[in-house]
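These notes concern the structure reproduced below.
The values are calculated or read from the model by the stated rules, or taken from the named source; none is laboratory data. Nothing here was measured: the structure is a model prediction, and the numbers come from that model. With ideal geometry, Cβ positions are generated from the backbone for all residues, glycine too; neighbour counts draw on all protein chains shown. To get the accessible areas, we keep the full protein, side chains included, count just its heavy atoms, and leave off ligands, DNA and RNA. Shrake-Rupley method; radii C 1.70, N 1.55, O 1.52, S 1.80 Å.
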Amino acid sequence: MIILPAIDIKDGKCVRLRQGRADDVTVYGYDPAAQAEDWREQGASELHVVDLDGAFDGEPRHVETIKRIIKNFGGQVEVGGGLRTADAVAEILEAGAARAIIGSAALEDPAFLSRTVDLWGDRIAVGIDARDGFVQTKGWVETTRVKAVDLAAAVAKTGVKTIIYTDTATDGMLGGPNLAQMAAICDAAPTCQITASGGISSTYDIQNLKALERSNLRAAIVGKALYDGRATLREMNLAAL
């Protein structure tokens, strides 16, 4: 399993939100590009970046900052947040992102998702964010009646190869991941590589994810636990082996 440190950008700063709430912000740094370099030096092989302002506004807001992050990190960087048009996706991929993460648009505009997969293939990932098993959109502001497992199955049929699943009720809460839901997502989309996100607070949580024994559970995103010093990236990487 691969550990991806998270960099969430809001107002140009490196932040973490609790349960995705824009009014519950902790600032961890004022230079996201410098933070990317720090993660590289600590041993990260990949990085997860979200333009939070883009997610809330519906279009990317921090492309120049993301370009600097990609340059400083020097490895694979996946980027999401407000990628709801072909131009927005193209801009992020042309900036050097390894994968562009489509979130709300994967549910609201399946034809758009299919077109982007046709154009960019494996460089398109889908982010599925859900609370109590139901998909949330527009930066987690709206909760739909669509089950996350159903969306995962539908996404897989379009040819998407990477799904990033975030359990929003656990995100930023350090209470552990939703293991049952993670297993269900893996089972719903067996042809996809799944990345777990939300609630990971310790190496114990990484071990619990591995214990699910799902061959398509490829990676885990860790944010607050690393920023708060609950575990080092090296410890997380060792637990993921």
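Placing +1 on the Cβ of each Lys and Arg and -1 on the Cβ of each Asp and Glu in the chain, which of A105, T170, F56 has its Cα farthest towards the positive end of the resulting dipole?
T170
Residue by residue through the range 32-39, which ³J(HN,Hα) values in whole Hz follow from phi under the Karplus form 6.51 cos²θ - 1.76 cosθ + 1.60 (θ = phi - 60°), with glycine and proline marked x?
x, 5, 5, 5, 4, 5, 5, 4
In whole percent, what relative contact order does the range 199-241 give with Cα contacts below 8 Å and a gap of six or more residues? Don't skip to the end; give the middle numbers.
Values: 28 pairs, mean separation 25.1, N = 43.
Result for the range 199-241 is 58 percent.
Explain nothing, just the number: dipole magnitude of the chain about its Cα centre with +1 on each Lys and Arg Cβ and -1 on each Asp and Glu Cβ, in debye rounded to the nearest 20.
Here the size comes out at about 400 debye.
Which sequence of V79, V25 reflects their accessible areas, 1.4 Å probe, from the largest down? Kindly include the intermediate steps, with their values, before the conclusion.
Details: V79 0, V25 60 Å².
Sorted by accessible area, descending: V25, V79.
Over all directions, the average projected area of the alpha-carbon convex hull for the range 132-191 comes to how many nm²? Working shown, then result.
Working: hull surface 17.0 nm².
Mean projected area of the Cα convex hull: 4.3 nm².
May I ask you to derive the relative contact order of the range 74-161, considering only C-alpha pairs under 8 Å and at least 6 residues apart, and to give it as an integer percent? Intermediate results must be reported in sequence, preceding the final value.
Values: 129 pairs, mean separation 20.8, N = 88.
Computed over the range 74-161, the figure is 24 percent.
Could you give me D for the range 24-148, from Stokes-Einstein at 37 °C and 0.692 mPa s, where the hydrodynamic radius is the Kirkwood radius over C-alpha pairs? Units µm² s⁻¹, please.
Working: Rh = 15.0 Å.
Calculated translational D: 219 µm²/s.
What ranking of M1, M182 comes out by heavy-atom accessible area, probe 1.4 Å, highest first? Please list the in-between numbers first.
Details: M1 60, M182 5 Å².
Descending order: M1, M182.
Of the residues V135, V89, V27, which exhibits the maximal mean-square fluctuation in a Gaussian network model of the chain defined by a 10 Å Cα contact cut-off?
Judging by the Gaussian network model, the answer is V27.
State the three equivalent ellipsoid semi-axes of the range 1-65, derived from the C-alpha gyration tensor as the square roots of 5 times its eigenvalues, in descending order and whole Å.
Details: eigenvalues 81, 33, 28 Å².
In descending order, the three semi-axes are 20, 13, 12 Å.
Keeping every protein chain in place, order R145, R123, R61, R218 by accessible area at 1.4 Å, biggest value first, i.e. largest first. Walk me through the numbers on the way to the answer.
Details: R145 180, R123 90, R61 120, R218 65 Å².
Listed by decreasing accessible area, they come as R145, R61, R123, R218.
Quick one: if you take sqrt(5λ) for each eigenvalue of the C-alpha gyration tensor of the range 94-215, what semi-axes come out, biggest first, whole angstrom?
Numbers: eigenvalues 106, 51, 38 Å².
Computed over the range 94-215, the values are 23, 16, 14 Å.
Lys and Arg at +1, Asp and Glu at -1: add these up for the other residues within a Cβ distance under 9 Å of G198 and post the number. The partial results should precede the final answer.
On the way: positive: none; negative: D129, D167, D171.
Neighbourhood net charge equals -3.
For the range 116-123, just list the computed ³J(HN,Hα) in residue order, Karplus coefficients 6.51, -1.76 and 1.60, θ = phi - 60°, integers in Hz, with x standing in for Gly and Pro.
These are the phi-based 3J(HN,Hα) values: 5, 5, 4, 7, 10, x, 5, 7 Hz.
Contact order normalised by length for the range 1-141, with contacts defined as Cα pairs under 8 Å and 6 or more residues apart; what percent is it?
Values: 266 pairs, mean separation 27.3, N = 141.
Reported as a whole number, the value is 19 percent.
When volume of the Cα convex hull per residue in Å³ is calculated directly from the model, which label among [x] 154; [y] 100; [z] 129 fits?
Identified label for the calculated read-out: [y].
Starting from the 7 Å offset along Cα-to-Cβ, what nm value, one decimal, do you get for the label separation of M173 and K71?
Computed distance between label sites M173 and K71 equals 4.0 nm.
What's the whole-number percent of alpha carbon pairs in the range 148-238 lying beyond 17 angstrom?
On the way: 1848 of 4095 pairs.
In whole percent, the long-distance tail amounts to 45.
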